[in-house]
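Worksheet for the structure shown next.
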Amino acid sequence: MKRTILIHYHEINLKGNNRGWFENQLHRHVSALLRGAAHGTIRRFAGRLAIEIPENASRDEIGVITRRLQWVFGIANFIVARETPADIDAIKTTLAELVSSTGFESFKIDSRRGTKEFPLNSQELNQLLGAYVVELTGARVRMENPDAVFSVEIAEGRAFLSVEKIRGVGGLPSGTGGKVLCLISGGLDSPVAAWRMMRRGCRVQYVHFHSFPHTTAESQDKVRNILRVLSRYQLESVLYMVPFAETQREIVAYAPPPLRVVLYRRFMVRMAEAVAAREKAAAIVTGDSLGQVASQTLENIRTISAVAGIPIFRPLIGDDKEDIMRAARDIGTYEISIQADQDCCSLFVPRHPETMSSIEKAERAEQQLDVSKLCREAIAGMTREIIAPEF
């Protein structure tokens, strides 16, 4: 029995004259992600992508493919289907084989006719095949919450039958939304923010600020581990490690203590913008959630954003901690993020940080600092790494 994985997309279908370009980007990404996995030709087919599965492919090998496809943005859902000619007798024979290997007491048929050349419409096919399954098994037809849903898709003279539709992550294919630079920490928030931007088609690169050797190297190792997970969604990630301890020492020595955290963030934005210029990234991304911590009040966000010359995206701005934790679990970064570490923002934190800062206050405090020199020296000391996915 020939097996084929059919990939369906939703948002790509709305792209009008640009749809072909989005489909090609998705095709390229799927091909790259499945390199080395047991599959045959991958092709665009009747408004879908079709992946041929070799006859000798094992269940485990097919499992590798289906697991990786769940990391591909742009896929709404997909099926591992049994393929047969679009002929009623052939469809019945294939359906009988599928039914015999599936345990259920209630079911429904979900048919889709992609061409009018097939003599029955979807409703007629549902009724015919539903009656056939009742005759074979005596099971009940149930339209809401059945034990099994048998899908039948008719396209270009072929029929594709399956009993499981696997949900994808949706969104837009990797690389279709431009390039952005994410300020990444070892915490929960910024990895989820990066994932959200990837889901909109962005290629996300990363910058991590560390205070080693004044803090341990654990935060750097955590970030690398997080990016090995996130890289599953875009194949590889560029990571910049920026030494931040000297900047922090200068801020502690010359700036009012309540403003330290706001000034840390203003310097990070300046340095991130310099990195973004090198990589031709069009925006900065942060994991800010309004009101979650002192630096994320509306006033402080305004003060921090004032130094940026490119957009700053905050995809978590309206989320609470429960939302973010739930998303981190779904993505696969939660267990890494909750591990203890020392990040740079935990160094020299004032007892009572400013929550109602102003741009004027921050600018006055920075008059005591050589802003250009501190940024230039930190950028000169940074390193660049490529992080590959961990499957």
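The values are calculated or read from the model by the stated rules, or taken from the named source; none is laboratory data. Note that the coordinates shown come from a computational prediction; the quantities given were computed from them, not determined experimentally. All Cβ positions, glycine included, derive from the backbone under ideal geometry; neighbour counts span all protein chains shown.
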The stretch 5-43, residues that are basic (Lys, Arg) and surrounded by 14 or more Cβ atoms within 10 Å (Cβ to Cβ): LYS15, ARG19, ARG28
Filter result for ALA274 (surrounded by fewer than 20 Cβ atoms within 10 Å (Cβ to Cβ), over 22 Å from the mean Cα position of the chain (by Cα) and in the same structural domain as PRO350 (by TED's automatic domain parsing)): yes
Residue in the stretch 317-332 that is farther than 27 Å from LEU230 by Cα and part of a loop (DSSP other than H, G, I, E, B) present: no
Any hit, the stretch 169-180, residues being among the β-branched types (Val, Ile, Thr) and touching a helix residue (DSSP H, G or I) at 6+ places or on another chain (Cβ under 6 Å): yes
Residue list for the stretch 221-242, restricted to those being within 24 Å of GLY168 (Cα to Cα), among the charged types (D, E, K, R) and part of a helix (DSSP H, G or I): ARG228, ARG232
Condition check for ILE317: under 25 Å from the mean Cα position of the chain (by Cα), surrounded by 22 or more Cβ atoms within 10 Å (Cβ to Cβ) and not acidic (Asp, Glu): no
Condition broken by LEU172, with the remaining ones in (1) outside the structural domain of GLU11 (by TED's automatic domain parsing); (2) in a strand (DSSP E or B) satisfied: (2)
Cross-chain or 6+ apart pairs with Cβ under 7 Å, the stretch 103-118 first and among the charged types (D, E, K, R), then surrounded by fewer than 14 Cβ atoms within 10 Å (Cβ to Cβ): GLU105/ARG140; LYS108/MET143; ARG113/ASN121
Single unsatisfied condition, VAL72 versus (1) surrounded by fewer than 14 Cβ atoms within 10 Å (Cβ to Cβ); (2) modelled with pLDDT of 95 or more: (1)
Residue within the stretch 107-115 that is polar (S, T, N, Q), in a strand (DSSP E or B) and crowded, with 18+ Cβ neighbours inside 10 Å present: yes
Residues satisfying the stated conditions in the stretch 172-196, i.e. under 13 Å from ILE284 (Cα atoms) and β-branched (Val, Ile, Thr): VAL180, ILE184
Test: ASN126 is farther than 15 Å from VAL163 by Cα and either in a helix (DSSP H, G or I) or among the polar types (S, T, N, Q) (or both): no
Verdict on PRO315 being in the same structural domain as TYR233 (by TED's automatic domain parsing), at pLDDT 95 or above and either under 21 Å from GLY186 (Cα atoms) or hydrophobic (A, V, I, L, M, F, W, C) (or both): yes
Test: residue in the stretch 351-373 that is within 24 Å of VAL223 (Cα to Cα), buried (at least 16 other Cβ atoms within 10 Å of the Cβ) and aliphatic (A, V, I, L, M): no
